[in-house]
Amino acid sequence: MEFTVTLREEDLYRAIRLATANRRARPALLAALACVMLIGLLLAISPASICVLLRSPLATMLIGAVLLAGLLVALALAARGPVWRSMARRTLAQRRELATPIAWSFDDNGLRIATRFTHSDFPWDALAGWREDAHVLLVYLSDQLFHTLPKHEVDETQANALRAALERHGVPRK
């Protein structure tokens, strides 16, 4: 099967967003948010509790540390979108071949990806994994290096055929 796609900044943004989605960090972020919310709830329910907490230097430092951690997590979450967009824009500017048509083809031997400047053949067992969402399908060459297939550029049968080939040849889903 063969098809050609052209990446846009939005496609790379969605790919970076999907690639950096770390499901292992989500519980830690939720725990930090829960701690901050519990302290806020405690103070809202019983304003007198703040007087009790402020009498103990250790409790004051602990509350300060939890609130600081919550603030840092909130800032990191707020900044990630603009940072990812900047990364996508910079990647397209630095790697001209990504802005040209990219030919994908695959068979029982492996996956081939060709641009105006490069041609790469990847046996199925050399691929580190794959991941997808509603917008993009990522094929990983290593933990951090991946090729992006924007789903809006291919029809559903082509995306399904690639997904089936990845699964059939034992490429792990991330």
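Some points to look at:
- Here the 3J(HN,Hα) profile of region 91-101, calculated from phi with Karplus coefficients 6.51, -1.76 and 1.60 at θ = phi - 60°, is 4, 5, 5, 7, 10, 4, 5, 6, 8, 9, x Hz, Gly and Pro shown as x.
- Per residue, the accessible area of the chain comes to 61 Å², computed with a 1.4 Å probe over protein heavy atoms only.
- Residue 28-residue 69 pseudo-label distance in nm [points 7 Å out on the Cα-to-Cβ vector]: 1.0
- Portion, in percent, of the accessible area of region 24-167 that falls on carbon or sulfur, probe 1.4 Å: 66
- Using a probe of 1.4 Å, the accessible surface attributed to residue 167 totals some 110 Å² when neighbouring protein chains are kept in position.
- Cα-centre dipole for region 71-174 with unit charges at Cβ (Lys and Arg positive, Asp and Glu negative), debye to 20: 600
- Using only side-chain charges placed at the Cβ, +1 for Lys and Arg and -1 for Asp and Glu, the dipole size of the chain relative to its Cα centre rounds to 820 debye.
- Comparing 111, 93, 51 along the charge dipole axis of region 36-141, the residue lying farthest to the positive side is 51, per the Cβ-charge model.
- Only helices enter the 222 nm calculation for the chain: every DSSP H run of n ≥ 4 contributes -39,500 (n - 2.57), and dividing by all residues gives -17500 deg cm²/dmol, rounded to 500.
- Scanning residues 5 or more positions from residue 146 or on other chains, those with amide H under 5 Å from its amide H are 141, with H placed 1.01 Å from N in the peptide plane.
- Square roots of five times the Cα gyration tensor eigenvalues for region 100-174, Å: 16, 15, 13
- Note on region 88-128: along the principal axes its Cα atoms extend 34, 20, 11 Å, ordered by decreasing extent.
- Calculated FRET value between residue 48 and residue 134, using beta carbons and R₀ = 45 Å, to 0.05: 0.35
- A compact globular protein would have a Cα radius of gyration near 2.2 N^0.38 Å; the ratio found for the chain is 1.46.
- The length gained by stretching the chain between residue 38 and residue 96 to full extension, at 0.36 nm per residue less their Cα-Cα distance, is 15.9 nm.
- Residue 77 versus residue 21: modelled label distance in nm, points set 7 Å from Cα along the beta carbon direction: 1.6
- Region 9-90 - Debye-derived log10 I(q)/I(0), Cα point model, q = 0.26 Å⁻¹: -1.21
- Taking packing as the residue-averaged number of other Cβ atoms within 10 angstrom, the listed peptides 143-150, 7-14, 57-64 run from highest to lowest as 7-14, 143-150, 57-64.
The values are calculated or read from the model by the stated rules, or taken from the named source; none is laboratory data. In this text the structure is predicted, and so the values were computed from the model without any measurement. Cβ sites come from the backbone with ideal geometry, for glycine too, and all protein chains shown count toward neighbours. With ligands, DNA and RNA removed, areas are computed over all heavy atoms of the protein, side chains included. Shrake-Rupley method; radii C 1.70, N 1.55, O 1.52, S 1.80 Å.
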